[in-house]
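Enquirer: This is the structure I have questions about; it appears just below.
The values are calculated or read from the model by the stated rules, or taken from the named source; none is laboratory data. Worth saying up front: this structure is predicted, and the values here are computed from it rather than measured. Cβ sites come from the backbone with ideal geometry, for glycine too, and all protein chains shown count toward neighbours. We work out accessible area using only protein heavy atoms, side chains counted, and drop any ligands, DNA or RNA first. Shrake-Rupley method; radii C 1.70, N 1.55, O 1.52, S 1.80 Å.
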Amino acid sequence: MRRRNNDIPVDVYIPFVETLFRDGATLAVGIVAQTVLIVVVYWKTAHPLYLAVALFMVLVGTLRMQNFRKYNNMPSPTTWEEAHKRENDYILYGTLHGGALGAFCLAGIYFAHDNFAEIAAVCVTLASATSIAGRNYGSPRMVMIFIVTTTWPISLGFLLRGDFYHVFLGLLSAPFLFAIRKFADTVRDVLFTAVSEEKKANHLAQRFNRALNTMSHGLVMLGPDGRVAVANAEAAQLMSVKSPEALLGRSIHGLLMRGVAGGLLALKDCRYIESQLTRALREGRDRKVLVSLSNGQCLEFSAREGSQELGVITFEDVTARVAAEEKIRFMARYDSLTALPNRAHFHEVVAECLQLGNQDRFCALAVLDLDDFKSVNDTLGHPVGDGLIYAVAERLAGFACESVKVSRFGGDEFMIYFDRIDDEAHLRSLLDSIFVGLQGEVDVAGHLLRIQASGGAVLGLASASDVDGMIVKADLALYKAKEQGKNAWYLFESVMDAAFRNRQVMKADLRAAVEANGLRVVYQPIVSMSTMRIASCEALCRWDHPELGPVSPATFIPLAEEMGIISEISTFVLMAACSECAKWPAPISVSVNLSAKDFRSRDVVAKVKAALAASNLSANRLEIEVTETALLDDKSQTGAYVEELKALGVRIALDDFGTGYSSLSYLHKLPLDKVKIDRSFLADVAQNPRSLHLLKGVVDLSKSLGLAVTIEGVETFEQLKILAVTVQPDLVQGFLFGSALSSSGIETMSNTTWPFVEDIRAARLSLRR
């Protein structure tokens, strides 16, 4: 705060000036008393000088009191200039007042001497002088002027009397003047310090009050008597009172009982909260208590011991935080799409249920999996798939109750736990009713979808069951349901567990065999119909298990596909076939069947290049068989890879023709060299003329497109004769020509002509005649 004339700060100077105009009533009484005394002296002495002094005192008193009323009716000054003007006005009328008293003294002591007048003048002046410091400390100039105008006339009168004693009295006025001035300065300094400290305290109190009332927390401080000594605005708002002052003097019990009276808090909750907060204050430890009110609001109380025996309780509205925490907990425990318990929470719930209750009761767990759900996502998109999942979840949720827990376990898989089952018949009845209620059609985004599911269940005693074990067994039963045609559920049996364990062991053994090159390749002859000699061979993979002996490809190939190692087997067969074919006589070629997974990566082209380079085999002696499954996965991408293989000089054959969905479209879209007709076309050609006509039609169609034709599955001479006479394919393949041979066996048989050749010729000649 700025200063003027090197004096006090303006914010202190203004209050000091305001003190000059306080207590006008006592000043008025003093002026009246002084005037009356002068009038009495005039009445006694009849000297006109006293009459003039009395009239002057009346005039000065009137003007001074008017000046008091003027400024008392005005607002407080805000600037130094306004305050200084008021001080000057005060000094003006104060000087006149002091001059009137001095004139009275000078008249009574010297000019109109009278003993009574002298005593009266000195007494009233000295009496007035005692109030100079107390009334005028706010203006040092006024103090000095009052001292001079009141004491100097007395000293002058005594000095003018001339005798020793009166002169001595006149000289004593100097220390009296100094004493009054010193006393006024002391009072002024004391009051200045008091005012300054008061302002500091007020400023600190304002800052404390601002900080207290801008807190986001409610706060109350309790005195040693346990009642509220300090409260802030937030506390008043949370307690639903008009102002913090309304909380002062209340106890913790009284504050909490307001919530009980308003129906926001139960009485037992009130007692619990009070005991917790009181204990925290008594023990001097921080303690937090979360309170849920009946209106949905949540408050968190914190209690701690403060200083000087003051206890501090803070509380805040944590409704949003509690809601956010609850949402996080819900997201961690429940599926975001269906709002059903997720895998982790379901595991916890079931584990807890198994531990509680009668351990000799039966409980069950079922797993449900939607049939062909992948096709819904692939053809209609994931939003439609999500809609189907939601619809299924709604239907399953209708079966949930205290003893039945439903969960979305992930993807299109759901789990149902039954906490109390009477027997197997009871479980079958429950699951049958669930399947009936689940199945049917549902409209998802305008698509009418049919819900169809497969399921597996396990039943057991609670004491002998654990969550993970039940899930594994239910999965095995589900796998059995899928194997048996889907759209049904199976109950777990012990044999399923044994089959599962055997399957897992076989998987491990197969992986070890692949990594150790423990597989071997054999070759099935493909015979030319015109020469009855080996024209080509199909490379086939075999696995000789060290304990089980030869394992059928129908068993280990699906396992390899499931394990994701089918490409490693394809690479092994390709490398071995190219290497062995390079040793055979030049006309004989080799055919290798690559899996659908091989054609999902561009690496298929690199693999074929590497095999040809490593074996120095001519590209036209290698034939790659493409399955319709590979084409269905990604027709455009597979076609691009086939084009690249064709560009290498490798021949391309379409394997198992006629078993897929759109075989005819491949004949003119892909750069094929050969079509291999599936054995199913040949099964009853000897008995069914329609089958024969169909087979001949396919062969003729393929030949008309410039494609060579191989017919698989020739097992009898009668089939061969029909093919030779009526169908006339280019090549045949089957057990009629023996089982698959080793590489050396093919080399040995390369120049051998099958004895059927003469019979075939005879049959053809007979037909011509």
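Enquirer: Which residues, taken from the range 123-137, are open to solvent by less than 30 Å² (accessible area, probe 1.4 Å) and out of contact with any Cys (no Cβ under 6 Å at 6 or more places or on another chain)? Steps first, please.
Expert: First pass over the range 123-137, keeping only residues open to solvent by less than 30 Å² (accessible area, probe 1.4 Å): 124-125, 128-129, 132-133, 136.
Selection gives Val124, Ser128, Ala129, Ile132, Ala133, Asn136.
A quick yes/no check of all residues on (1) at pLDDT below 75; (2) closer than 29 Å to Leu264 by Cβ; (3) surrounded by 15 or more Cβ atoms within 10 Å (Cβ to Cβ):
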| site | (1), (2), (3) |
| --- | --- |
| Ser196 | yes, no, no |
| Ser216 | yes, yes, no |
| Asn232 | no, yes, yes |
| Ala236 | yes, yes, yes |
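Enquirer: For Val608, are the conditions met, namely being within 19 Å of Asp509 (Cβ to Cβ) and surrounded by 15 or more Cβ atoms within 10 Å (Cβ to Cβ)? If you could, list the steps in order and put the result at the bottom.
Expert: On the way: within 19 Å of Asp509 (Cβ to Cβ): no; surrounded by 15 or more Cβ atoms within 10 Å (Cβ to Cβ): yes.
Answer is no for this residue.
Enquirer: Which pairs do you get when a residue that is assigned to a loop (DSSP other than H, G, I, E, B), found in the range 730-754, comes within reach of a residue that is surrounded by fewer than 13 Cβ atoms within 10 Å (Cβ to Cβ), reach meaning Cβ atoms under 8 angstrom, with the pair 6+ apart or on two chains?
Expert: These pairs meet every condition: Ser750/Pro585; Asn751/Pro585; Thr753/Thr531.
Enquirer: Return yes when Arg450 is free of Cβ contacts under 8 Å to residues at least 40 places away in the same chain, touching a strand residue (DSSP E or B) at 6+ places or on another chain (Cβ under 6 Å) and open to solvent by 60 Å² or more (accessible area, probe 1.4 Å) and no when it is not. Talk me through it step by step, then tell me what you get.
Expert: Details: free of Cβ contacts under 8 Å to residues at least 40 places away in the same chain: yes; touching a strand residue (DSSP E or B) at 6+ places or on another chain (Cβ under 6 Å): yes; open to solvent by 60 Å² or more (accessible area, probe 1.4 Å): yes.
Spelling it out, Arg450 is indeed free of Cβ contacts under 8 Å to residues at least 40 places away in the same chain, touching a strand residue (DSSP E or B) at 6+ places or on another chain (Cβ under 6 Å) and open to solvent by 60 Å² or more (accessible area, probe 1.4 Å).
Enquirer: Which is open to solvent by 50 Å² or more (accessible area, probe 1.4 Å), farther than 22 Å from Ala613 by Cβ, modelled with pLDDT of 90 or more and not charged (D, E, K, R), of Ala554, Ala512? Don't jump to the end; show me each part of the working.
Expert: Numbers: Ala554 fails: modelled with pLDDT of 90 or more.
Being open to solvent by 50 Å² or more (accessible area, probe 1.4 Å), farther than 22 Å from Ala613 by Cβ, modelled with pLDDT of 90 or more and not charged (D, E, K, R) holds for just one of Ala554, Ala512, which is Ala512.
Enquirer: Now a separate question. With the range 1-97 as the region, which helices (runs of 4 or more DSSP H) entirely inside it contain at least 3 residues that are within 60 Å of the chain's Cα centre (by Cα) and within 27 Å of Val187 (Cβ to Cβ)? First the steps, then the outcome.
Expert: Working: elements: 10-20, 24-45, 48-72.
Hits in the range 1-97: 10-20.
Enquirer: Here's a follow-up. Limited to the range 370-418, what total is found for residues that are touching a residue at least 12 places away in the same chain (Cβ under 8 Å), farther than 18 Å from Ala339 by Cβ and in contact with a helix residue (DSSP H, G or I) (Cβ under 6 Å, 6 or more places away or on another chain)?
Expert: Residues meeting the conditions: 1.
Enquirer: Considering only the range 678-721, state which residues are buried (at least 19 other Cβ atoms within 10 Å of the Cβ) and assigned to a helix (DSSP H, G or I).
Expert: Of everything in the range 678-721, those that are buried (at least 19 other Cβ atoms within 10 Å of the Cβ) and assigned to a helix (DSSP H, G or I) turn out to be Phe681, Leu692, Leu695, Val698, Val699, Ser702, Gln719, Leu720.
Enquirer: Can you list residue pairs whose Cβ atoms sit under 8 Å apart, with the first residue in the range 671-694 being more than 30 Å from Lys646 (Cα to Cα) and the second being assigned to a helix (DSSP H, G or I) and of a type outside the set (A, V, I, L, M)? Count only pairs 6 or more apart in sequence or on different chains.
Expert: Between residues of the range 671-694 that are more than 30 Å from Lys646 (Cα to Cα) and residues that are assigned to a helix (DSSP H, G or I) and of a type outside the set (A, V, I, L, M), the close pairs are Ala683/Ser691; Asp684/Ser691; Val685/Ser691; Val685/Gln719; Ala686/Glu718; Ala686/Gln719; Ser691/Phe681; Leu692/Thr726.
Enquirer: Determine which single condition Leu559 fails, assuming it passes every other condition in (1) farther than 22 Å from Lys674 by Cα; (2) open to solvent by 50 Å² or more (accessible area, probe 1.4 Å); (3) at pLDDT below 90.
Expert: If we test Leu559 against (1) farther than 22 Å from Lys674 by Cα; (2) open to solvent by 50 Å² or more (accessible area, probe 1.4 Å); (3) at pLDDT below 90, just (2) comes out false.
Enquirer: Also: Hey, any hits in the range 17-26 for a residue that's in contact with a Lys or Arg (Cβ under 7 Å, 6 or more places away or on another chain) and either among the polar types (S, T, N, Q) or open to solvent by less than 10 Å² (accessible area, probe 1.4 Å) (or both)? Steps first, please.
Expert: Initial filter on the range 17-26 (in contact with a Lys or Arg (Cβ under 7 Å, 6 or more places away or on another chain)): 17.
Applying the additional criterion that residues be either among the polar types (S, T, N, Q) or open to solvent by less than 10 Å² (accessible area, probe 1.4 Å) (or both) yields 17.
Yes, the conditions are met somewhere in the range 17-26.
Enquirer: Scan Ala339, Ala364 and give me the residue that is among the small types (Gly, Ala, Ser), within 20 Å of Lys473 (Cβ to Cβ), in contact with a helix residue (DSSP H, G or I) (Cβ under 9 Å, 6 or more places away or on another chain) and surrounded by 12 or more Cβ atoms within 10 Å (Cβ to Cβ).
Expert: On the way: Ala339 fails: within 20 Å of Lys473 (Cβ to Cβ).
Selected residue: Ala364, the only one of Ala339, Ala364 that is among the small types (Gly, Ala, Ser), within 20 Å of Lys473 (Cβ to Cβ), in contact with a helix residue (DSSP H, G or I) (Cβ under 9 Å, 6 or more places away or on another chain) and surrounded by 12 or more Cβ atoms within 10 Å (Cβ to Cβ).
Condition check ((1) open to solvent by 60 Å² or more (accessible area, probe 1.4 Å); (2) of a type in the set (S, T, N, Q)) across all residues:
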{"position": "Thr78", "(1), (2)": "yes, yes"}
{"position": "Glu82", "(1), (2)": "yes, no"}
{"position": "Ile91", "(1), (2)": "no, no"}
{"position": "Leu101", "(1), (2)": "no, no"}
{"position": "Cys105", "(1), (2)": "no, no"}
{"position": "Ser139", "(1), (2)": "no, yes"}
{"position": "Val143", "(1), (2)": "no, no"}
{"position": "Tyr165", "(1), (2)": "yes, no"}
{"position": "Leu171", "(1), (2)": "yes, no"}
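Enquirer: Next up: Is the range 629-637 home to any residue that is of a type in the set (Asp, Glu), at pLDDT 85 or above, touching a Lys or Arg at 6+ places or on another chain (Cβ under 9 Å) and within 21 Å of Ser570 (Cβ to Cβ)? Show your work before the answer.
Expert: Pass one, the range 629-637, residues of a type in the set (Asp, Glu): 633-634.
Of the ones still in play, those that are also at pLDDT 85 or above are none.
No, every residue in the range 629-637 fails to be of a type in the set (Asp, Glu), at pLDDT 85 or above, touching a Lys or Arg at 6+ places or on another chain (Cβ under 9 Å) and within 21 Å of Ser570 (Cβ to Cβ).
Enquirer: Restrict the check to the range 502-514 and report whether at least one residue is touching a strand residue (DSSP E or B) at 6+ places or on another chain (Cβ under 8 Å) and without any contact (Cβ under 8 Å) to a residue 40 or more places away in the chain. Outline the logic, then answer.
Expert: Looking only at the range 502-514, we keep the residues that are touching a strand residue (DSSP E or B) at 6+ places or on another chain (Cβ under 8 Å), and these are 506, 509-510, 513.
Now narrow it down to the ones that are without any contact (Cβ under 8 Å) to a residue 40 or more places away in the chain: 509, 513.
Checked the range 502-514: at least one residue is touching a strand residue (DSSP E or B) at 6+ places or on another chain (Cβ under 8 Å) and without any contact (Cβ under 8 Å) to a residue 40 or more places away in the chain.
Enquirer: If I ask for residues that are more than 30 Å from Asn358 (Cβ to Cβ) and either open to solvent by 50 Å² or more (accessible area, probe 1.4 Å) or among the hydroxyl-bearing types (Ser, Thr, Tyr) (or both), which ones from the range 377-419 would you list? Spell out the reasoning first.
Expert: From the range 377-419, those more than 30 Å from Asn358 (Cβ to Cβ) are 377-395, 410-412; that's our starting set.
Within the range 377-419, Asp378, Thr379, Leu380, His382, Pro383, Asp386, Tyr390, Glu394, Arg395 qualify.
Enquirer: Same structure again: Out of all the residues in the range 480-498, which are open to solvent by 30 Å² or more (accessible area, probe 1.4 Å), touching a residue at least 12 places away in the same chain (Cβ under 8 Å) and either in contact with a Phe, Trp or Tyr (Cβ under 8 Å, 6 or more places away or on another chain) or aliphatic (A, V, I, L, M) (or both)?
Expert: Lys480, Ala488, Trp489
Enquirer: Residue by residue through the range 54-72, note down the ones that are β-branched (Val, Ile, Thr) and open to solvent by 10 Å² or more (accessible area, probe 1.4 Å). Spell out the reasoning first.
Expert: Keep residues of the range 54-72 that are β-branched (Val, Ile, Thr), which gives 58, 60, 62.
Those that are β-branched (Val, Ile, Thr) and open to solvent by 10 Å² or more (accessible area, probe 1.4 Å): Val58, Thr62.
Enquirer: Right, next: For the range 500-516, what are the residues that are closer than 19 Å to Glu483 by Cβ and among the charged types (D, E, K, R)?
Expert: Matches in the range 500-516: Arg501, Arg503, Lys507.
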